[in-house]
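In what follows, a single structure is set out as structure tokens and then discussed.
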Amino acid sequence: MNAFALMFLVAGLGLIGWLTARSRAARFDRGGAKRLHSLPAQHGFFVAMWVVLPALLFVAAWGAISPALVKQTVLEHPAASQLPQFDFERDALLAEASRVAEQPGVAAFDPVAQQLVAPTRAAKVRYDWIGTAGAILLAFAGGAYAFTRIRASFPARSSVERGMMLMLLVASLIAILTTVGIFLSLLWESVRFFGQVSITDFLFGTHWSPQVIDPARPGRSLGAVPLFWGTFFIGAVIAMIVAIPFGLMSAIYLTQYAAPQVRRWMKPILEILAGVPTVVYGYFAALTVAPAVRDLAVAFGYPYASSESALAAGLVMGVMIIPFVSSMADDSIAAVPTAMRDGSLAMGATKSETISRVLIPAALPGVVAGILLAVSRAIGETMIVVMAASGAANITLNPFESATTVTKQIVDLLTGESEFDSPKTLAAFALGLTLFVITLLLNIVALRVVKRYREAYE
Amino acid sequence: MTDAPHKMTARDVSVFYGEKQAVKNVSIDIDMDRVTAFIGPSGCGKSTFLRTLNRMNDTIGNARVEGQITLDGEDIYSSGMDVVQLRARVGMVFQKPNPFPKSIFENVAYGPRIHGLANSKADLEEIVARSLRRAGLWEEVKDRLNDSGTALSGGQQQRLCIARAIAVDPEVILMDEPASALDPIATAKIEELIHELRGRYAIVIVTHNMQQAARVSQRTAFFHLGNLVEYGDTDNIFTAPREERTKDYITGRYG
């Protein structure tokens, strides 16, 4: 049976369990007690939980293991002996058979696969039925067990609360586990990469040209330093030169000077800036800012200035980051106690003296944390640099020259046709892993700073 | 009553927060060399009135002040009065100690720096040391002037704030319940300090604590519901109040 239908069936059984348990609980002999431990609906939830949860867990587990079982069965079929020994090709044929098995009336392209269609279909049907029967059986078993336990004195409420807690725990673990999974998959591919390329070549090499790789020593043209330099230059230097002053000044204006009605429309507009899709910024960078920057460079006396300059990408990225800096700065300036501001004003300090000598120093940890988060976002930003930055890996301090970033190179490495296990493709994962670790560290530092700062004022 | 002109005078002062009137037609004189206490139940307008004396109500968006307040005969709400100058002459100490998150030295040096009172580093050090001595904090902190001001105890922080206010050499010091967040020993120290500072400044102190008003002040003003009910010598207010409401408050009937 199809997984969705199965879920509906289990949910339906759960509903039935809920209704019967509740109506039974409503008719409990109260034995003179004025109030029972749990409401009838809570008894209902208790039973429904026992009907649904074990069955769903089983369905999930079965979904994970049944493909392996199907494959095992198919491989035992006599026709499977004709399959090629090479894993990659064998899996491709099995996948083809499996696809055809689910679509009656379609024939497989490969004759061996065609022979395997019938056994695959049979195996699928069999394991499907086992799964369905198991789930329904478990639903009934769970329901029956729970139903025998409910009675007037049974503390169903506590069990339901615990069940709720568990469900919420699982929900919050999913994001964490996904992050761990992402990290592990990156790590796995990176380990393969470092099996072929020396880690020092990659981390400290200054030459990056993945198009031309010397098979004898692939690391020689896979030195990531120019990429990290470009990322740092565009995301942490140029973008921050734009974002920090403007973000900070707009936060100061909004918290200290703006009239409430000005603040009321200006702050949301700034926040909307954070919601603009980055691809739109990318257009803006490539079509508007980049030519202007090139013309500027020509005017400054660089006749061969690139239209894919580091400056263009960095400027637009800086604008994109302004709302992050300003909203973090806004929060932390607003969090400085009014008493501090009043103390300074009462000494006869002017507004700007109060801001620069008391408010900013007091808010500094929060502002710094905001900047760190903004940097970590900027260096992970992809769309703007893909559209506006060049692919040329230069180590340069000249903003009019072209520079490339890690994210841009990852996109370039993974698009196009190349084998999945070549050093060139795998380099993308190593780059991703390094970037992931850097931004993770930045975020951890930033959160620590924020936390210590919060404690200081509470 | 002395014959010398009053340091500050208030005539028919009303304060509004939006529509709500928090202080109603208060007239009062404040003199040098003595401590004036404002007492009254919560919400009676005494703190609000105190804040009009150095225009700290300006920082509250919808506050509006009517009437006239003068400092040495000059209207402090006139357009010719520079609020920065005014606050340098009329200092303020707040209810909760609010040292800046800077070193002890920098906290005290803050005012002299922004007003350009010191010509040299030695000058500045002299001002800081003198202010800390007057605030009775010097002996406790002289060896750790570079420690953070926020690391001091509550009582020490409040004396640091007093030192900070003294450092700009004000003529009037306003204190808004300066001891309400402190323990009895720290409170006693603050009160002692107020005694010592009396000869040098006009001091106005808002307090919840009637014993404190009786201990530290020479003149007492009793506020109730935004009105100044009674103003006179502290001894008279506490022993022979003219108004029924003052008597009720002082004997603990309400508030």
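Take the residues in the stretch B:88-97 that are open to solvent by less than 50 Å² (accessible area, probe 1.4 Å) and over 13 Å from B:Cys161 (Cβ atoms); name whichever of them is nearest to the other protein chains (Cβ to nearest Cβ).
B:Ala88
Of the candidates A:Leu426, A:Leu440, the single residue that is touching a helix residue (DSSP H, G or I) at 6+ places or on another chain (Cβ under 9 Å), open to solvent by 40 Å² or more (accessible area, probe 1.4 Å) and not polar (S, T, N, Q) is A:Leu440.
In the stretch A:323-347, how many residues are assigned to a helix (DSSP H, G or I), within 30 Å of B:Arg89 (Cβ to Cβ) and either facing chain B (nearest Cβ under 8 Å) or not polar (S, T, N, Q) (or both)? Before you say what the answer is, go through the steps one by one.
Of the stretch A:323-347, the ones assigned to a helix (DSSP H, G or I) are A:323-335, A:338-346.
Cutting the leftovers down to within 30 Å of B:Arg89 (Cβ to Cβ) gives us A:333, A:338-346.
Checking which are either facing chain B (nearest Cβ under 8 Å) or not polar (S, T, N, Q) (or both) leaves us with A:333, A:339-346.
So the count comes out to 9.
Listed by first and then second residue, the pairs with beta-carbon distance under 8 Å, at least 6 apart or on different chains, first residue in the stretch A:192-207 and over 13 Å from A:Ala428 (Cβ atoms) and not assigned by TED's automatic domain parsing to the domain that holds A:Gly223, second open to solvent by 90 Å² or more (accessible area, probe 1.4 Å) and charged (D, E, K, R), are A:Asp201/A:Arg217; A:Asp201/A:Arg220; A:Gly205/A:Arg220; A:His207/A:Arg220.
When the stretch B:226-246 is filtered for residues that are charged (D, E, K, R) and surrounded by fewer than 16 Cβ atoms within 10 Å (Cβ to Cβ), the ones remaining, listed by number, are B:Asp233, B:Asp235, B:Arg242, B:Glu243, B:Glu244. State whether the residues of the stretch A:253-260 include one that is assigned to a helix (DSSP H, G or I), surrounded by 14 or more Cβ atoms within 10 Å (Cβ to Cβ) and touching an Asp or Glu at 6+ places or on another chain (Cβ under 7 Å). Yes, the stretch A:253-260 contains a residue that is assigned to a helix (DSSP H, G or I), surrounded by 14 or more Cβ atoms within 10 Å (Cβ to Cβ) and touching an Asp or Glu at 6+ places or on another chain (Cβ under 7 Å).
The sole residue among B:Ile114, B:Ile69, B:Ile104, B:Ile60 that is more than 7 Å from chain A (Cβ to nearest Cβ) and under 18 Å from B:Leu160 (Cα atoms) is B:Ile104.
In a residue-by-residue description of the stretch A:27-38, the property of being surrounded by fewer than 20 Cβ atoms within 10 Å (Cβ to Cβ), at pLDDT below 90, in contact with a Phe, Trp or Tyr (Cβ under 6 Å, 6 or more places away or on another chain) and small (Gly, Ala, Ser) applies to no position.
Only one of A:Val242, A:Val237, A:Val289 is open to solvent by 30 Å² or more (accessible area, probe 1.4 Å), among the aliphatic types (A, V, I, L, M) and part of a helix (DSSP H, G or I). Can you tell me which? Steps first, answer last, please.
Values: A:Val242 fails: open to solvent by 30 Å² or more (accessible area, probe 1.4 Å); A:Val289 fails: open to solvent by 30 Å² or more (accessible area, probe 1.4 Å).
Sole residue among the options that is open to solvent by 30 Å² or more (accessible area, probe 1.4 Å), among the aliphatic types (A, V, I, L, M) and part of a helix (DSSP H, G or I): A:Val237.
For the stretch B:41-70, a residue qualifies if it is part of a strand (DSSP E or B) and either exposed (fewer than 15 other Cβ atoms within 10 Å of the Cβ) or among the β-branched types (Val, Ile, Thr) (or both), and the qualifying residues are B:Arg64, B:Val65, B:Glu66, B:Ile69, B:Thr70.
When residues in the stretch A:116-149 are screened for being surrounded by fewer than 19 Cβ atoms within 10 Å (Cβ to Cβ), farther than 30 Å from A:Ala48 by Cβ and not basic (Lys, Arg), 3 of them pass. Of all the numbered requirements in (1) open to solvent by 90 Å² or more (accessible area, probe 1.4 Å); (2) closer than 26 Å to A:Gly17 by Cβ, A:Arg99 misses one, and that requirement is (2).
Summed over the stretch B:216-250, residues that are in a strand (DSSP E or B) and closer than 19 Å to B:Ala188 by Cβ total 0.
Look through A:Gly223, A:Gly181, A:Gly219, A:Gly195 and report the one residue that is at pLDDT 90 or above and more than 14 Å from chain B (Cβ to nearest Cβ). Write out each step before concluding.
On the way: A:Gly223 fails: at pLDDT 90 or above; A:Gly219 fails: at pLDDT 90 or above; A:Gly195 fails: at pLDDT 90 or above.
Among A:Gly223, A:Gly181, A:Gly219, A:Gly195, only A:Gly181 is at pLDDT 90 or above and more than 14 Å from chain B (Cβ to nearest Cβ).
Return the residues of the stretch A:40-99 that are small (Gly, Ala, Ser), touching a Phe, Trp or Tyr at 6+ places or on another chain (Cβ under 7 Å) and either over 26 Å from A:Ala146 (Cβ atoms) or outside any helix (DSSP H, G or I) (or both); say none if nothing qualifies. The one that is small (Gly, Ala, Ser), touching a Phe, Trp or Tyr at 6+ places or on another chain (Cβ under 7 Å) and either over 26 Å from A:Ala146 (Cβ atoms) or outside any helix (DSSP H, G or I) (or both): A:Ser66. Which numbered condition in (1) without any contact (Cβ under 8 Å) to a residue 60 or more places away in the chain; (2) crowded, with 18+ Cβ neighbours inside 10 Å; (3) closer than 17 Å to B:Glu171 by Cα is the only one that B:Asp82 fails? Against the list (1) without any contact (Cβ under 8 Å) to a residue 60 or more places away in the chain; (2) crowded, with 18+ Cβ neighbours inside 10 Å; (3) closer than 17 Å to B:Glu171 by Cα, B:Asp82 comes up short only on (2).
Looking across B:Ala179, B:Ala213, one residue alone is part of a loop (DSSP other than H, G, I, E, B) and away from chain A (no Cβ under 14 Å). It is B:Ala179.
Examine the stretch A:450-458 for a residue that is outside any helix (DSSP H, G or I), at positive phi and open to solvent by 40 Å² or more (accessible area, probe 1.4 Å), and state whether such a residue exists. So that I can check it myself, show each step before the final result.
First pass over the stretch A:450-458, keeping only residues outside any helix (DSSP H, G or I): A:457-458.
Filter once more, keeping what is at positive phi: none.
Within the stretch A:450-458, not a single residue is outside any helix (DSSP H, G or I), at positive phi and open to solvent by 40 Å² or more (accessible area, probe 1.4 Å).
Here's the yes/no breakdown for (1) within 30 Å of A:Thr338 (Cα to Cα); (2) modelled with pLDDT under 85; (3) within 24 Å of the chain's Cα centre (by Cα); (4) polar (S, T, N, Q):
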| site | (1), (2), (3), (4) |
| --- | --- |
| A:Ala362 | yes, no, no, no |
| A:Val375 | yes, no, yes, no |
| A:Ile379 | no, no, yes, no |
| A:Ile410 | no, no, yes, no |
| A:Thr415 | no, yes, yes, yes |
| A:Glu419 | no, yes, no, no |
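Picking from B:Phe100, B:Phe105, B:Phe38, B:Phe16, which residue would you name as being within 29 Å of A:Ile355 (Cα to Cα) and open to solvent by less than 20 Å² (accessible area, probe 1.4 Å)?
Details: B:Phe105 fails: open to solvent by less than 20 Å² (accessible area, probe 1.4 Å); B:Phe38 fails: within 29 Å of A:Ile355 (Cα to Cα); B:Phe16 fails: open to solvent by less than 20 Å² (accessible area, probe 1.4 Å).
The match here is B:Phe100.
Of all residues in the stretch A:261-286, those that are out of contact with any helix residue (DSSP H, G or I) (no Cβ under 7 Å at 6 or more places or on another chain) and either outside any helix (DSSP H, G or I) or within 14 Å of chain B (Cβ to nearest Cβ) (or both) total 5. Taking the stretch A:349-380 as the range and being surrounded by 24 or more Cβ atoms within 10 Å (Cβ to Cβ) and not in a helix (DSSP H, G or I) as the test, only A:Ala349 passes.
Residues in the stretch B:117-157 that are among the hydrophobic types (A, V, I, L, M, F, W, C), more than 14 Å from chain A (Cβ to nearest Cβ), closer than 19 Å to B:Pro170 by Cβ and in a loop (DSSP other than H, G, I, E, B): B:Ala118, B:Ala135, B:Leu137. Taking each residue of the stretch A:273-297 that is outside the structural domain of A:Ala389 (by TED's automatic domain parsing) and looking for partners that are surrounded by fewer than 17 Cβ atoms within 10 Å (Cβ to Cβ) and assigned to a loop (DSSP other than H, G, I, E, B) with beta-carbon atoms closer than 6 Å, six or more apart or interchain, yields nothing. If you go through the stretch A:200-234 and pick out every residue that is more than 24 Å from A:Ala378 (Cα to Cα) and in a helix (DSSP H, G or I), you end up with 6. When A:Arg121 is tested against the conditions (1) touching a residue at least 24 places away in the same chain (Cβ under 8 Å); (2) more than 28 Å from A:Phe420 (Cβ to Cβ); (3) in contact with a helix residue (DSSP H, G or I) (Cβ under 8 Å, 6 or more places away or on another chain), the lone failure is (1).
Can you tell which of A:Val437, A:Val386, A:Val411 is in the same structural domain as A:Ser250 (by TED's automatic domain parsing) and touching a residue at least 60 places away in the same chain (Cβ under 8 Å)? Steps first, answer last, please.
Details: A:Val437 fails: touching a residue at least 60 places away in the same chain (Cβ under 8 Å); A:Val411 fails: touching a residue at least 60 places away in the same chain (Cβ under 8 Å).
Exactly one of A:Val437, A:Val386, A:Val411 is in the same structural domain as A:Ser250 (by TED's automatic domain parsing) and touching a residue at least 60 places away in the same chain (Cβ under 8 Å), namely A:Val386.
The values are calculated or read from the model by the stated rules, or taken from the named source; none is laboratory data. Here the structure is a predicted model, which is why all the values come from computation and not from measurement. Counting neighbours? That spans all protein chains shown, and the Cβs are built from the backbone with ideal geometry, glycine included. Surface areas here come from the heavy atoms of the whole protein model, side chains and all, with no ligands, DNA or RNA. Shrake-Rupley method; radii C 1.70, N 1.55, O 1.52, S 1.80 Å.
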